[in-house]
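Please read the structure below before turning to the comments.
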Amino acid sequence: RAIVYVPEEAFGVFSFSGLRMVDEVGLPKIISEDLLSKASFIKDFAWDPSACGLHPKGRVLYFLQLPGRNYREERSGDVLFGLVFPIADESSLKNFILTQLDLKSENPFWRVRENHSPEFYSIQHKSAHISIGLDQNCLVLMSSWWSDQTNPSFLDEEMREVFSLGQGTGKSPTKLASQIRADDYDVGLFLLGENFFDHFSKSVGETEL
């Protein structure tokens, strides 16, 4: 199910066969440390995914893409990171995350908002460049390479695009989908060069190359 939440504009996707592979390979070597430092509860998922509300055998995806059109010039050197987990029990996951984020403290670092059209819960850090979203199907965490240049509006717009895509179709429109769906690997990296290079000005020869 997580596959349909990968944006059409993604130029790269890391695919993990399950949470064990995320824990063993993804956390120390692939997934952004900036994202992990603010959402440290990710490290707990592999211990007991069912208790956290996640699908224990669901494929986890980590995608990369350039900023959307509204922010492409403003953040021209930035790269967006998105981590997608398939959900087994939305209520259990929501309770787990809200407990981990300590939202009942006197001055919490996070704020929660319920969005409509698409419908999902948005959880944003008040100062750090990270956003969390979840609906009944998937949990999505987002940050970007320019984590020192915080922009909640940028992350919010990209998050809306992800959930609009995921809730609007049961079939992934991305060209990477057929390879990602394979079940004969534990960790895979899939690249779509045209989604990266199409955003740059090129000569005729460079376009052909």
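The values are calculated or read from the model by the stated rules, or taken from the named source; none is laboratory data. Predicted, not measured: the structure shown is a model, and the values here were computed from it. Ideal geometry is used to build each Cβ from the backbone, glycine not excepted, and the neighbour counts take in all protein chains shown. In case anyone asks, the SASA skips ligands and DNA or RNA and just uses the protein heavy atoms, side chains included. Shrake-Rupley method; radii C 1.70, N 1.55, O 1.52, S 1.80 Å.
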So what does log10 I(q)/I(0) come out to for segment 1-117 at q = 0.19 Å⁻¹, using the Debye formula with one equal point on every Cα and no solvent? -1.19
For the chain, accessible area per residue (1.4 Å probe, heavy atoms of protein chains only), Å²: 52 Å²
Please work out how much accessible surface Thr99 shows to a 1.4 Å probe, ignoring ligands, DNA and RNA, in Å² rounded to 10. 100 Å²
Tell me the mean residue ellipticity at 222 nm calculated for the chain from its helices only (DSSP H runs of n ≥ 4, each -39500 (n - 2.57), averaged over every residue, nearest 500). -6500 deg cm²/dmol
Place the peptides 26-34, 60-68 in order of packing, highest mean first, counting for every residue the other Cβ atoms within 10 Å and averaging per peptide. 60-68, 26-34
In percent, what relative contact order does segment 76-209 have, based on Cα pairs under 8 Å that are 6 or more apart in sequence? 20 percent
Take the cross-link list Lys43/Lys104; Lys29/Lys126; Lys57/Lys126 and give me the ones stretching past 30 Å between alpha-carbons. Lys57/Lys126
Quick one: the Cα spread of segment 72-153 along its three principal axes, in angstroms, biggest first? 39, 31, 21
From the C-alpha coordinates alone, can you work out the Kirkwood hydrodynamic radius of segment 7-59, in Å? 12.0 Å
Just the number, please: carbon plus sulfur as a percent of the accessible area of the chain, 1.4 Å probe, no ligands or DNA/RNA counted. 48 percent
The answer for the per residue Cα convex hull volume of the chain, in Å³, is 126 Å³
Computed label-point distance, nm, for sites Ser92 and Arg113 using a 7 Å Cα→Cβ extension: 3.0 nm
Pairing the Cα long axis of helix 90-100 with the longest principal axis of the chain, what angle in degrees results, from 0 to 90 and rounded to the nearest 10? 80 degrees
Could you tell me the ratio Rg/Rh of segment 57-98? Both radii from Cα atoms, Rh via Kirkwood. 1.18
With the chain treated as a Gaussian network of Cα nodes joined by springs under 10 Å, which of Gly133, Gly77, Gly58 yields the largest mean-square fluctuation? Gly77
